[in-house]
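Take a look at the structure set out below.
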Amino acid sequence: MSKLAASPEPKSLETQPTPGSKVVSYPARDADLGGGLTVVRALPLRQHRLVGPWCFFDHYGPLSFSNRKAMDVAPHPHIGLQTVSWLFDGEILHNDSLGCTGMARPGELNLMTAGHAVAHAEETPARNSGKLHGLQLWVALPDRERQRAASFDHYKDLSVLEPGGGRVHLFMGELAGQRSKARAFSPLVGAELKFEANAKMRLPLNPTWEHALVIINGEIGLEGKQLIPGALHYLGTQRSGIELSTKDPARAVLIGGAPFGEPIIIWWNFVARSAGEIQTAREDWEQHRRFGEVKAYKGARLTAPSFSARPIASH
Ligand code: MN
C-alpha cells in the first residue's frame, strides 16, 4: 500500500525457510497507513521476511464509519511485486497509472502486477457500505518476471472449496487440487478459510512449500495449540496437511508457496534486488518519470521518504 513505517534503510531479506513441524507464532505490529487508518502488519518479520513469495501482509478493520473515507491512500509507486487486495467486508476503489479502475468487494480480487513500474491509489468510494475489513498483501515477483510490463486484473467467481467445516476462498495459487484463475508467477497459495462453529477442517498442503496462518477472528486449534488472532503462525515446510478446529465461527488466511530462493530488498513500496535499483525507482517517482500519473485520483500524490543510501549485502 504505502507509507511503510519501516526504517528507510533497505533491508536484505533472508529467504531460508525453516523445516519442521513446530508451529511458531510471531506477534503482529500496528502500522499507520495515513488518513487515520491503522493496520496490523504480520509480514515482513525479521525471522521470516518471506513465506513462499509472500512478502507483505497487512490486515485492517473491521471498521464502521459514516461521512468519511476510511481508506484514502494517495497515488504511490510500486516495482517488483503484485498487490493483492482481498476484502471480508466493504469496498475499495483502485485506480492506477495504466488507467485501470477496479472495485474490490468481498469475494472479488483486485490484483495489480507492478512489474517494472506502476502507480496506484486505493480509497473508499463515495458510495459505500460504511464498513471496511480486509487485507493488503504483496507477492514478490521472481527475477525473470520482475521487469515485465505492469497490469491490473479484477477477478470475480474465484474458486470456493468446501472441505468440511466451512468454506475456503482460494484467491491466489493452488490448494487441494484447485487452482485460482488469478495470474501468478511463482508456485503459491493464498486462501481465506471461513469456519463454522465446532468445525474440523482438513486441508492438504504441498510438503515442499512453506506455509503460515494468520487468524482474522476467533480462535483456531491446530495440533493442540490455540492459534490466536493478530499473530502470524509459521508452519514451516514438510507438512502434507493440517487439521484445524474451532469452537466458535472463525476466519483465517493461509499463505504459502515454494521457498522463494532469491534475496530481495523491500524499501517503501518497492521490492528489488539492490539498493541502486531502489534509489533509481525513488528518484524516478520524485521526478515524475517511469511510473505515470493516476489521473482518476483527486488530490496530491505521496512523496517518497528520504533514502539512506547504505547498500546492504544480500545473502
Ligand atoms: Mn500500493
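The values are calculated or read from the model by the stated rules, or taken from the named source; none is laboratory data. Quick caveat: nothing in here was measured; it's all calculated off a predicted structure. Neighbour counts are summed over all protein chains in view; Cβ atoms, including those assigned to glycine, are modelled from backbone coordinates with ideal geometry. Ligands, DNA and RNA are stripped out before the accessible areas are found, and what is left, the full protein with its side chains, is counted by its heavy atoms. Shrake-Rupley method; radii C 1.70, N 1.55, O 1.52, S 1.80 Å.
Tabulated results
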read-out: Complete set of residues in region 175-190 that are under 16 Å from the mean Cα position of the chain (by Cα) and among the charged types (D, E, K, R); value: Arg183
read-out: Residue in region 219-275 that is most open to solvent (accessible area, probe 1.4 Å), counting only those that are small (Gly, Ala, Ser), over 19 Å from Pro142 (Cβ atoms) and touching a Pro at 6+ places or on another chain (Cβ under 6 Å); value: Ser240
read-out: Condition broken by Leu213, with the remaining ones in (1) at pLDDT below 95; (2) within 24 Å of Arg167 (Cβ to Cβ) satisfied; value: (1)
read-out: Long-range neighbours under 6 Å by Cβ, at least six apart or interchain, first residue of a type in the set (S, T, N, Q) within region 69-83, second within 9 Å of the ligand (Cβ to nearest atom) and at pLDDT below 95; value: none
read-out: Met1, sole failed condition from (1) within 16 Å of the ligand (Cβ to nearest atom); (2) of a type in the set (A, V, I, L, M, F, W, C); (3) at pLDDT 95 or above; value: (3)
read-out: Considering residues of region 37-73 that are small (Gly, Ala, Ser) and surrounded by fewer than 20 Cβ atoms within 10 Å (Cβ to Cβ) only, the residue modelled with the lowest pLDDT; value: Ser66
read-out: Members of region 89-124 that are open to solvent by 10 Å² or more (accessible area, probe 1.4 Å) and in a loop (DSSP other than H, G, I, E, B); value: Glu91, Ser97, Leu98, Gly99, Cys100, Pro106, Gly107, His116, Ala117
read-out: Residue tally, condition over 18 Å from Gly107 (Cβ atoms), away from the ligand (no atom under 16 Å from the Cβ) and part of a strand (DSSP E or B), over region 49-88; value: 3
read-out: Output for region 191-225, where each listed residue is under 20 Å from the mean Cα position of the chain (by Cα), touching a residue at least 60 places away in the same chain (Cβ under 8 Å) and under 22 Å from Ser245 (Cβ atoms); value: Ala191, Glu192, Leu193, His211, Ala212, Val214, Ile216
read-out: Subset of region 99-129 (residues that are under 17 Å from Lys298 (Cα atoms) and either away from the ligand (no atom under 14 Å from the Cβ) or free of Cβ contacts under 8 Å to residues at least 60 places away in the same chain (or both)); value: Gly99, Cys100, Thr101, Gly102, Met103, Thr124, Pro125, Ala126, Arg127
read-out: Elements of type strands (runs of 3 or more DSSP E) contained in region 234-315, each with 3 or more residues being within 19 Å of the chain's Cα centre (by Cα); value: 250-257, 264-267, 270-272
